[in-house]
Amino acid sequence: MKNKAKHLKNRIIFEACLEQVENHERYLKLKDYIQHGNTSVFEHSVRVAYYSIRTAELLGIMCSKEELIRGALLHDYFLYDWHDKDGEHRLHGFRHPYSALRNAESDFELSSREKNIILRHMFPLVPIPPSCLEGWIVCLVDKYCSLIETFYRSAG
């Protein structure tokens, strides 16, 4: 029963964070861009946030749940189609954390932990690792979700 109550509490926190971020009009533009396979950046970001909080919950990891979820929701807030073959989106894997952070900072008030999650989620491609536990969770869950979305075209 204790686990069920914890899951319900985490679900409420997740829904509240998602609603807060979704209330920003520009965030909904993520639905217009494909991330991996046929999964939109919006779907990918929500999935990473959901599985990040579930991972922390299932492993009993004590962390800042709100910052974990918000950082995950904003980790790919780059607002462009990285599949475009123009030179501007070259090296997307290396550059997009910086674009995502710039956009997130202009639209949301961020904690230093949320900034770290966004900026360091591409480790080891971006060579500086996350400096917080929440950043490591998002980094690993992002890679898992990306693999599923890429190889199965749409994760369920």
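Things worth noting here:
- At q = 0.14, 0.15, 0.18, 0.19 Å⁻¹, base-10 log of I(q)/I(0) for the stretch 1-82 (Debye sum, equal scatterers on each alpha carbon): -0.48, -0.54, -0.73, -0.79
- Take each peptide in 34-47, 51-64, count the other Cβ atoms within 10 Å of every residue, and average; sorted highest first, the result is 34-47, 51-64.
- Kirkwood hydrodynamic radius of the stretch 5-50, from inverse mean 1/r over distinct Cα pairs, in Å: 11.4 Å
- Against the chain, whose longest principal axis comes from its Cα atoms, helix 65-74 is set at around 20 degrees.
- Computed over the chain, the per-residue total of -39500 (n - 2.57) for DSSP H runs of n ≥ 4 gives a 222 nm mean residue ellipticity of -20000 deg cm²/dmol, rounded to 500.
- Neighbour-count order for CYS132, CYS145, fewest beta carbons within 10 angstrom listed first: CYS132, CYS145
- Using the alpha carbons alone, the radius of gyration of the chain stands to its Kirkwood radius in an Rg to Rh ratio of 0.95.
- Sequence of GLU22, GLU109 once ranked by neighbouring C-beta atoms within 10 Å, starting from the fewest: GLU109, GLU22
- For GLN20, the shell of other residues with beta-carbons less than 11 Å away shows a net charge of -4, using +1 for Lys and Arg and -1 for Asp and Glu.
- Inter-site label distance for SER106 and THR150 at 7 Å from Cα along Cβ, in nm: 2.9 nm
- Excluding same-chain neighbours fewer than eight residues apart, the aspartates and glutamates reachable from LYS2 by a Cα-Cα span under 18 Å are GLU57.
- Residues whose amide H comes within less than 5 Å of that of SER40, counting only those at least five positions distant or on another chain, are GLN35 (H built at 1.01 Å from N in the peptide plane).
- Residue exposure sequence - TYR27, TYR50 - by fewest surrounding Cβ within 10 Å: TYR50, TYR27
Values in this text are rule-based calculations from the coordinates and carry no lab data. The shown structure was predicted, so the numbers you read here are calculated from the model rather than taken from an experiment. Ideal geometry is used to build each Cβ from the backbone, glycine not excepted, and the neighbour counts take in all protein chains shown.
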